[in-house]
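The values are calculated or read from the model by the stated rules, or taken from the named source; none is laboratory data. Being a predicted model, the structure only gives us computed values, none of them experimental. Ideal geometry is used to build each Cβ from the backbone, glycine not excepted, and the neighbour counts take in all protein chains shown.
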């Protein structure tokens with residue numbers, strides 16, 4: 001069928017072949033690619049930013065400024081508990097294989113040791 005008034009010949013649209021999309025995006029490939037990207041040099045620092053955000057969330061939920069009534073720790077003790085929870089999470093991430101670099105985990109362990117020393121010396 002030809003549309004005369006439009007100036008276009010649309011009669012060859014019947015010869016269009018079917019579009020073939022061969023993608024390799026399966027859930028397992030997406031997870032493998034995500035783990036690979038997390039273990040690059042830029043991805044490790046992205047993991048560090050995510051872990052810092054998780055630390056701040058734990059610190060907020062355990063400290064005095066939290067709206068939750070059950071957890072009312074001082075900021076120093078809340079920081080220590082948040083670092084302990086974060087280190088448990090990071091060791092689990094390493095043992096499962098989500099991240100392979102111990103650099104960021106080591107940084108948070110050093111912060112945990114320093115915070116433990118501060119709690120023992122300052123907070124009675």
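Scan the range 32-50 and tell me whether some residue there is at pLDDT 80 or above, over 30 Å from residue 111 (Cα atoms) and part of a helix (DSSP H, G or I). Yes, the range 32-50 contains a residue that is at pLDDT 80 or above, over 30 Å from residue 111 (Cα atoms) and part of a helix (DSSP H, G or I).
Which residue pairs have Cβ atoms under 6 Å apart, sit 6 or more places apart or on different chains, and have a first residue in the range 65-77 that is closer than 23 Å to residue 114 by Cα and a second that is at pLDDT 75 or above and assigned to a loop (DSSP other than H, G, I, E, B)? Listed pairs, sorted by first residue: 72/64; 75/63. Given the condition closer than 25 Å to residue 37 by Cα, surrounded by 14 or more Cβ atoms within 10 Å (Cβ to Cβ) and at pLDDT below 90, answer yes or no: does some residue in the range 71-81 qualify? So far as the range 71-81 goes, no, none of its residues is closer than 25 Å to residue 37 by Cα, surrounded by 14 or more Cβ atoms within 10 Å (Cβ to Cβ) and at pLDDT below 90. For the range 1-19, filtered to residues that are modelled with pLDDT of 75 or more and assigned to a loop (DSSP other than H, G, I, E, B), the residue that is nearest to residue 100 (Cα to Cα) is 19.
Answer yes or no as to whether residue 46 is within 19 Å of residue 116 (Cβ to Cβ) and either without any contact (Cβ under 8 Å) to a residue 12 or more places away in the chain or touching a strand residue (DSSP E or B) at 6+ places or on another chain (Cβ under 8 Å) (or both). Considered against the rule, which asks whether it is within 19 Å of residue 116 (Cβ to Cβ) and either without any contact (Cβ under 8 Å) to a residue 12 or more places away in the chain or touching a strand residue (DSSP E or B) at 6+ places or on another chain (Cβ under 8 Å) (or both), residue 46 comes out as no. Would you confirm, using the coordinates I've provided, whether residue 86 is closer than 30 Å to residue 42 by Cβ and under 20 Å from the mean Cα position of the chain (by Cα)? Spelling it out, residue 86 is indeed closer than 30 Å to residue 42 by Cβ and under 20 Å from the mean Cα position of the chain (by Cα). Does residue 99 count as assigned to a helix (DSSP H, G or I) and either in contact with a strand residue (DSSP E or B) (Cβ under 7 Å, 6 or more places away or on another chain) or under 30 Å from residue 36 (Cβ atoms) (or both)? Here the answer is no, as residue 99 does not meet what is asked. Residue 78 meets the conditions (1) within 30 Å of residue 28 (Cα to Cα); (2) touching a helix residue (DSSP H, G or I) at 6+ places or on another chain (Cβ under 9 Å) in every case but one. The failed one is (1).
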